[in-house]
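*Asks:* Below is a structure I'd like to ask you about.
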6 protein chains.
Amino acid sequence: MTDRLEQGKRKFEELYGAGKADGLIAMQTGLAQDLARYGIEFNFGDIYSRPGLTLAQREMITLGALVALGGLEPQLRGHTRGALNAGLTPTEILETVIHVVQYAGFPRALNAIRVVTDTLIECGAEIPRP
Amino acid sequence: MTDRLEQGKRKFEELYGAGKADGLIAMQTGLAQDLARYGIEFNFGDIYSRPGLTLAQREMITLGALVALGGLEPQLRGHTRGALNAGLTPTEILETVIHVVQYAGFPRALNAIRVVTDTLIECGAEIPRP
Amino acid sequence: MTDRLEQGKRKFEELYGAGKADGLIAMQTGLAQDLARYGIEFNFGDIYSRPGLTLAQREMITLGALVALGGLEPQLRGHTRGALNAGLTPTEILETVIHVVQYAGFPRALNAIRVVTDTLIECGAEIPRP
Amino acid sequence: MTDRLEQGKRKFEELYGAGKADGLIAMQTGLAQDLARYGIEFNFGDIYSRPGLTLAQREMITLGALVALGGLEPQLRGHTRGALNAGLTPTEILETVIHVVQYAGFPRALNAIRVVTDTLIECGAEIPRP
Amino acid sequence: MTDRLEQGKRKFEELYGAGKADGLIAMQTGLAQDLARYGIEFNFGDIYSRPGLTLAQREMITLGALVALGGLEPQLRGHTRGALNAGLTPTEILETVIHVVQYAGFPRALNAIRVVTDTLIECGAEIPRP
Amino acid sequence: MTDRLEQGKRKFEELYGAGKADGLIAMQTGLAQDLARYGIEFNFGDIYSRPGLTLAQREMITLGALVALGGLEPQLRGHTRGALNAGLTPTEILETVIHVVQYAGFPRALNAIRVVTDTLIECGAEIPRP
């Protein structure tokens with residue numbers, strides 16, 4: 001196991017809990033596991049492990065980018081959990097989605113906030129009132 | 001209630017029927033209702049209420065933009081109903097989707113026309129022959 | 001010359017003036033002329049020549065789709081001219097861009113309206129006041 | 001039936017098997033069949049029938065473009081089958097998806113490789129090990 | 001002048017300096033000024049003025065979304081200045097762009113970081129070493 | 001220097017010539033050099049160095065993905081050179097762009113083929129006739 005993979009797993013599990021990194025790779029089949037492994041090595045070993053931004057800031061930027069790209073519901077669900085674990089409040093998470101409406105338009109923002117709100121509810125988070 | 005919200009609801013209900021604007025907001029939970037409310041205020045109170053284009057023209061442009069952006073099936077379904085209510089014929093609605101194939105490519109246009117045709121059938125519209 | 005190419009040129013020149021279709025192809029070099037020719041055959045011979053929508057409606061949908069896709073300044077300039085020639089007023093053209101802000105966000109709409117306004121001015125159109 | 005339609009059906013059925021082109025059109029309803037027919041005429045009659053690239057190369061480029069555009073699962077499934085039929089190996093197909101991660105990011109590549117792997121398994125292909 | 005416009009100008013000028021909001025509108029011509037005004041009213045009067053996120057957090061999310069959408073250089077330049085004025089450090093600004101590479105791919109991230117770095121240099125900011 | 005960086009430079013220089021990898025990093029300033037270095041390590045050290053596809057196939061897929069994403073002219077220019085160096089013919093390179101028109105639409109394909117053709121001419125390649 002490379003140092004980057006080890007470092008990536010450590011960072012990933014700091015966000016998602018012990019043993020979760022191997023689970024992520026095991027969710028893929030065959031050659032696709034290489035792509036999942038790159039996700040651990042590069043995304044979590046290289047990028048999330050950089051100094052300069054806190055994990056909470058990184059999850060906030062991630063949510064903003066995912067809303068902007070559109071059509072990435074599985075990732076929105078995963079990173080809503082990651083954002084809570086990084087210490088963002090439900091208000092900060094939902095405000096991040098609302099903030100992006102200016103740049104990505106209403107359809108992407110509305111579809112995203114439905115997924116994010118549902119995930120927050122599944123996680124037992126209290127949903128702030130409007 | 002602000003004037004823009006009132007104006008937005010009036011315009012929205014001109015397209016979708018009485019009481020529907022509150023239903024749109026009620027479909028969201030907690031803070032996400034603010035985003036739905038902005039959709040009524042800004043999209044329908046500010047933009048759809050502008051002079052210079054008819055409601056039918058606005059629905060036609062909306063369908064074209066949604067096909068181009070891709071992956072926005074819930075909005076395509078809603079605006080197919082809106083387009084019918086604004087007086088566009090099934091032919092005009094389907095031709096709008098076909099027209100965008102030049103700019104957005106076949107996959108987005110084919111996926112969109114399936115959703116639009118199904119919605120037209122649900123609305124009891126007669127589907128024009130090829 | 002195929003019937004579709006001939007039909008495409010006729011439709012293209014109805015919008016842009018006599019002799020312009022050959023000019024469009026001549027703007028490309030070598031194999032790329034095949035792609036320009038497909039643009040005449042398919043876009044103008046097949047799609048713009050369909051019944052069911054007027055040329056003015058088609059140009060309106062085109063502008064909406066181009067704003068939504070983003071980054072297509074050369075096409076926005078061309079179709080602003082086409083829209084004028086199809087009989088759309090400067091107000092209708094600019095309102096089309098403003099309408100799409102809800103779906104594609106402010107950056108794409110603002111960058112597009114700058115290009116469209118500049119093209120309208122180059123064409124000698126009177127720019128409507130806010 | 002035009003020559004391009006006939007040529008398109010021949011090329012499509014070279015990839016997908018006898019009788020499949022009519023099935024593709026029959027999957028759409030009413031006016032949408034025109035769009036499906038253009039897909040046969042233009043995509044398969046004009047483009048896939050061009051010299052200069054093999055069918056296998058064309059399917060490889062198609063997969064790369066579909067991953068990059070995102071949100072096009074039905075097309076990814078269809079072209080994974082087409083790619084196998086054109087003679088690409090499961091390794092080449094999966095490596096194509098992995099290759100695009102650099103340009104389109106991890107979420108689109110990971111969502112695509114799940115769909116592509118599942119389709120390969122449905123086709124009875126042996127999935128290469130990481 | 002509406003309250004939202006006034007509020008939007010106040011928030012905009014908190015970021016960009018006194019008198020800048022009118023300058024933004026004056027950069028557009030004719031009807032396009034309505035779109036610029038909506039940008040002040042909705043983006044800065046409604047969204048940036050919400051509680052729940054700091055201005056610095058909002059600028060960070062904005063940069064992430066702009067990198068993800070791609071092709072929005074004028075907005076990247078503007079918001080790099082806004083981010084500095086909101087108190088983000090050059091390191092935080094550049095790390096935000098680097099963070100998005102995982103989601104939007106290398107081409108968009110590399111093109112964005114060139115624009116952002118150049119703007120930071122124009123602003124007299126010290127560029128952190130690798 | 002890590003093994004991946006060394007491996008990435010070797011692969012990059014196999015495509016672009018001796019000493020070019022350091023030049024790529026030197027084109028960026030400060031922290032942005034980290035992003036350029038990741039491009040060498042991950043894109044060329046990890047991905048382009050994988051078995052399963054030839055360099056020529058990888059450049060073909062890259063061009064297809066870049067056309068689909070849109071607005072990435074600097075990368076299109078670079079990879080047109082890379083594609084020639086990997087042994088693709090001008091015909092294969094131009095046919096790759098033409099092939100993607102079905103999926104990404106005419107505006108992106110036409111803007112891309114202009115850039116690719118110009119780069120081929122700059123490289124002294126003979127442009128195939130239509």
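The values are calculated or read from the model by the stated rules, or taken from the named source; none is laboratory data. Since the structure is predicted, the reported quantities are computational estimates derived from the model, not experimental observations. Neighbour counts are summed over all protein chains in view; Cβ atoms, including those assigned to glycine, are modelled from backbone coordinates with ideal geometry. Side chains included, ligands, DNA and RNA excluded: accessible areas come from the protein's heavy atoms. Shrake-Rupley method; radii C 1.70, N 1.55, O 1.52, S 1.80 Å.
*Asks:* Is at least one residue of region E:13-28 in a helix (DSSP H, G or I) and of a type in the set (K, R)?
*Replies:* So the first thing to find is which residues in region E:13-28 are in a helix (DSSP H, G or I), and the list is E:13-16, E:20-26.
This time we only want the ones that are of a type in the set (K, R), so: E:20.
Yes, region E:13-28 contains a residue that is in a helix (DSSP H, G or I) and of a type in the set (K, R).
Matching residues to (1) within 17 Å of D:V67 (Cβ to Cβ); (2) in the same structural domain as F:Q7 (by TED's automatic domain parsing); (3) of a type outside the set (S, T, Y); (4) modelled with pLDDT under 95:
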site	(1), (2), (3), (4)
F:G39	no, yes, yes, no
F:L76	no, no, yes, no
F:Y103	yes, no, no, no
F:R108	yes, no, yes, no
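*Asks:* I'm checking my understanding of the structure. Among residues of region D:44-68 that are at the interface with another protein chain (Cβ under 7 Å from one of its Cβ atoms) and open to solvent by 10 Å² or more (accessible area, probe 1.4 Å), which one is farthest from F:L88 (Cα to Cα)?
*Replies:* My answer is D:D46.
*Asks:* State the number of residues belonging to region E:29-72 that are under 26 Å from E:V97 (Cα atoms), in contact with a Pro (Cβ under 6 Å, 6 or more places away or on another chain) and part of a helix (DSSP H, G or I).
*Replies:* Summing the residues that are under 26 Å from E:V97 (Cα atoms), in contact with a Pro (Cβ under 6 Å, 6 or more places away or on another chain) and part of a helix (DSSP H, G or I) in region E:29-72 gives 0.
*Asks:* Any chance region D:78-91 includes a residue that's within 24 Å of A:G71 (Cα to Cα), open to solvent by 50 Å² or more (accessible area, probe 1.4 Å) and free of Cβ contacts under 8 Å to residues at least 24 places away in the same chain? Walk me through how you get there before you give the answer.
*Replies:* Taking region D:78-91 as the starting set, the residues that turn out to be within 24 Å of A:G71 (Cα to Cα) are D:78-81.
Among the residues that remain, those that are also open to solvent by 50 Å² or more (accessible area, probe 1.4 Å) are: D:81.
With free of Cβ contacts under 8 Å to residues at least 24 places away in the same chain added as a condition, the list becomes none.
Taking every residue of region D:78-91 in turn, none turns out to be within 24 Å of A:G71 (Cα to Cα), open to solvent by 50 Å² or more (accessible area, probe 1.4 Å) and free of Cβ contacts under 8 Å to residues at least 24 places away in the same chain.
*Asks:* Being aliphatic (A, V, I, L, M), within 18 Å of F:F42 (Cβ to Cβ) and open to solvent by 20 Å² or more (accessible area, probe 1.4 Å) is the filter here; which residues of region A:25-43 pass it?
*Replies:* A:I25
*Asks:* Does region D:92-106 hold any residues that are open to solvent by less than 30 Å² (accessible area, probe 1.4 Å) and either touching a residue at least 12 places away in the same chain (Cβ under 8 Å) or in contact with a Pro (Cβ under 7 Å, 6 or more places away or on another chain) (or both), and which are they? Explain how you work it out, then say what you get.
*Replies:* Looking only at region D:92-106, we keep the residues that are open to solvent by less than 30 Å² (accessible area, probe 1.4 Å), and these are D:93-106.
Within region D:92-106, D:I93, D:L94, D:T96, D:V97, D:I98, D:H99, D:V100, D:Y103, D:A104 meet the criteria.
*Asks:* Consider only pairs whose beta carbons are under 6 Å apart and that are at least six residues apart or on different chains; among these, list those whose first residue lies in region B:1-27 and is free of Cβ contacts under 8 Å to residues at least 24 places away in the same chain and whose second residue is open to solvent by less than 80 Å² (accessible area, probe 1.4 Å) and basic (K, R).
*Replies:* These pairs meet every condition: B:A21/B:K9; B:I25/B:R37.
*Asks:* Does region F:85-98 contain at least one residue that is under 24 Å from E:F106 (Cα atoms), more than 14 Å from the chain's Cα centre (by Cα) and not assigned by TED's automatic domain parsing to the domain that holds F:F44?
*Replies:* Yes, that holds for at least one residue.
*Asks:* Would you check if E:K9 is basic (K, R) and buried (at least 21 other Cβ atoms within 10 Å of the Cβ)? Before the answer, list the steps.
*Replies:* Working: basic (K, R): yes; buried (at least 21 other Cβ atoms within 10 Å of the Cβ): yes.
So E:K9 fits the description; yes.
*Asks:* Which residue is farthest from F:I47 (Cα to Cα), if the candidates are limited to region E:111-130 and must be open to solvent by 40 Å² or more (accessible area, probe 1.4 Å), part of a helix (DSSP H, G or I) and within 8 Å of chain F (Cβ to nearest Cβ)? It would help to see each step written out before you state the result.
*Replies:* Going residue by residue through region E:111-130, those that are open to solvent by 40 Å² or more (accessible area, probe 1.4 Å) are E:114, E:118, E:121-124, E:126, E:129-130.
Imposing the further condition that a residue be part of a helix (DSSP H, G or I) reduces the set to E:114, E:118, E:121-122.
Those left that are additionally within 8 Å of chain F (Cβ to nearest Cβ): E:114, E:121.
Details: E:R114: 24, E:I121: 33 Å.
Looking at the filtered set, the residue picked out is E:I121.
*Asks:* Another question, if that's okay. Checking the conditions here, which among C:G19, C:G23, C:G45 is touching a Lys or Arg at 6+ places or on another chain (Cβ under 9 Å) and not hydroxyl-bearing (S, T, Y)? Write out each step before concluding.
*Replies:* Details: C:G19 fails: touching a Lys or Arg at 6+ places or on another chain (Cβ under 9 Å); C:G23 fails: touching a Lys or Arg at 6+ places or on another chain (Cβ under 9 Å).
Within the list C:G19, C:G23, C:G45, the selection yields C:G45.
*Asks:* Let me ask you something else. Considering region B:71-90 alone, what residues qualify as being within 12 Å of another protein chain (Cβ to nearest Cβ) and charged (D, E, K, R)?
*Replies:* Hits for region B:71-90 are B:E73, B:R77.
*Asks:* Do we find a residue being closer than 22 Å to A:G39 by Cα and in the same structural domain as F:G105 (by TED's automatic domain parsing) anywhere in region F:11-20?
*Replies:* Scanning region F:11-20 turns up no residue that is closer than 22 Å to A:G39 by Cα and in the same structural domain as F:G105 (by TED's automatic domain parsing).
*Asks:* Please tell me if C:A21 is within 10 Å of chain F (Cβ to nearest Cβ), farther than 23 Å from B:L76 by Cα and open to solvent by less than 20 Å² (accessible area, probe 1.4 Å).
*Replies:* Values: within 10 Å of chain F (Cβ to nearest Cβ): no; farther than 23 Å from B:L76 by Cα: yes; open to solvent by less than 20 Å² (accessible area, probe 1.4 Å): yes.
In short, no.
*Asks:* Out of all the residues in region C:96-110, is one or more among the polar types (S, T, N, Q) and more than 23 Å from C:Y48 (Cβ to Cβ)?
*Replies:* Looking through region C:96-110, at least one residue is among the polar types (S, T, N, Q) and more than 23 Å from C:Y48 (Cβ to Cβ).
*Asks:* Exactly one condition in (1) over 16 Å from the mean Cα position of the chain (by Cα); (2) free of Cβ contacts under 8 Å to residues at least 24 places away in the same chain is false for B:L69; which is it?
*Replies:* If we test B:L69 against (1) over 16 Å from the mean Cα position of the chain (by Cα); (2) free of Cβ contacts under 8 Å to residues at least 24 places away in the same chain, just (1) comes out false.
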